[in-house]
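The structure appears below as structure tokens.
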Amino acid sequence: MTRTIFITGASTGLGRATALLFASKGWKVFATMRNPAKETELAATPGIKLLALDVTRPDQIAAAAGAALAEGPVDVLFNNAGYGLAGPFEGATDEQLTAELDTNLLGVMRVTQAFLPAMREAKSGAILTTTSIGGLVTFPFNSVYHATKWGLEGWSESLAFELEPFGIRVKTVAPGGIATDFTGRSLVMTPHAAYAGDMAKTFAAFSDPSRRSGASTAEQIAEVVWEAANDESDRVTFVAGADAKANYARRLEVGIDAFRKGIRQMFLGR
């Protein structure tokens, strides 16, 4: 029987790579995005069906989930839609704070609720969510983004307990750097003059070629999504990418306080 995956945020990057990977392996793929009319490659790929979905709109969530479930069971839900908010917390407007949490955190929760009844009744399924190494460690000037990603890690870990009796597996994929346009198309800034010096140091560190050389391709991270989707164990978090694995291993090895000292020195020089 053909298996089915429903993907949010499939227009670019990891979502797009995952859609193509699963389709190549014979899965039926519902690839969702805010503007499917602009998409050509995925629309022409056998096995992929495009649906319009803005995860901040409950009406669109209900319509997209209903359309997918009307065609049969959805075996895997992949919550991937999200974007970054970076800069001084003091500079963030209420609109920026609300939009970031609405998309990255509440959007995931809303979409998951739309699929849970069918998965629970079928007593099978998997809920995958893209978090980030930023859901396990922190860096300067990313506090609101970290709040959403740490929130998703905690939410997923707790959710796994309550869904286990119904045969529903909960997984997160926590990538490090991905060589996509995330920092351009998917990054919103919150400038504030009082923090300009430290901001400049932080972004210089993030932009250092030696650091960026450790980034994974979207296709490499999609392979981890494939691994998580087919994992039958009770493992929740899949750290993805060499840089992410190194950072998380270091944090576990030296402890939180020593790790933070290293991050402070690396990004802020103090």
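Restricting attention to region 218-258 and to residues that are in a helix (DSSP H, G or I) and of a type in the set (Asp, Glu), the residue that is modelled with the lowest pLDDT turns out to be Asp243.
Considered as a group, the residues in region 214-270 that are free of Cβ contacts under 8 Å to residues at least 60 places away in the same chain and closer than 21 Å to Leu159 by Cβ include one that is surrounded by the fewest Cβ atoms within 10 Å (Cβ to Cβ), and that residue is Ser233. Which residues, taken from region 106-129, are surrounded by 15 or more Cβ atoms within 10 Å (Cβ to Cβ) and either at positive phi or among the polar types (S, T, N, Q) (or both)? Listed by number, the residues that qualify are Thr112, Gly125, Thr129.
Residues considered: Thr56, Thr98. Of these, the only one that is more than 30 Å from Lys245 (Cβ to Cβ), part of a loop (DSSP other than H, G, I, E, B) and not small (Gly, Ala, Ser) is Thr56. Looking at Asp75, is it among the acidic types (Asp, Glu), crowded, with 19+ Cβ neighbours inside 10 Å and more than 22 Å from Thr217 (Cα to Cα)? Taking the combined requirement at face value, the residue satisfies it. Looking at region 27-39, is at least one residue out of contact with any Phe, Trp or Tyr (no Cβ under 6 Å at 6 or more places or on another chain), at pLDDT below 95 and under 24 Å from Glu223 (Cβ atoms)? Scanning region 27-39 turns up at least one residue that is out of contact with any Phe, Trp or Tyr (no Cβ under 6 Å at 6 or more places or on another chain), at pLDDT below 95 and under 24 Å from Glu223 (Cβ atoms). Collect the residues in region 147-170 that are touching a Gly at 6+ places or on another chain (Cβ under 7 Å), of a type outside the set (Val, Ile, Thr) and touching a residue at least 24 places away in the same chain (Cβ under 8 Å), keeping them in residue-number order. Scanning region 147-170 gives Lys149, Leu152, Glu153.
Within region 246-270, the only residue that satisfies the criterion of being of a type in the set (S, T, N, Q) and closer than 20 Å to Ser132 by Cα is Asn247. Put simply, of Val173, Val137, Val144 the only residue that is touching a residue at least 60 places away in the same chain (Cβ under 8 Å), under 17 Å from Tyr83 (Cβ atoms) and within 17 Å of the chain's Cα centre (by Cα) is Val173.
The condition (being crowded, with 16+ Cβ neighbours inside 10 Å and either at pLDDT 95 or above or closer than 30 Å to His146 by Cβ (or both)) is satisfied by just one residue among Ser24, Ser11: Ser11. Kindly evaluate Lys201 against the criterion of being assigned to a helix (DSSP H, G or I), basic (Lys, Arg) and in contact with a helix residue (DSSP H, G or I) (Cβ under 8 Å, 6 or more places away or on another chain). Considered against the rule, which asks whether it is assigned to a helix (DSSP H, G or I), basic (Lys, Arg) and in contact with a helix residue (DSSP H, G or I) (Cβ under 8 Å, 6 or more places away or on another chain), Lys201 comes out as yes.
Scanning region 27-38 for residues that are crowded, with 18+ Cβ neighbours inside 10 Å and either out of contact with any Leu (no Cβ under 6 Å at 6 or more places or on another chain) or without any contact (Cβ under 8 Å) to a residue 12 or more places away in the chain (or both) yields Trp27, Lys28, Val29, Met33.
The values are calculated or read from the model by the stated rules, or taken from the named source; none is laboratory data. Owing to the predicted nature of the structure, the values given are computational and were not obtained by experimental measurement. Positions of Cβ are backbone-derived with ideal geometry, glycine not excepted, and every protein chain shown enters the neighbour counts.
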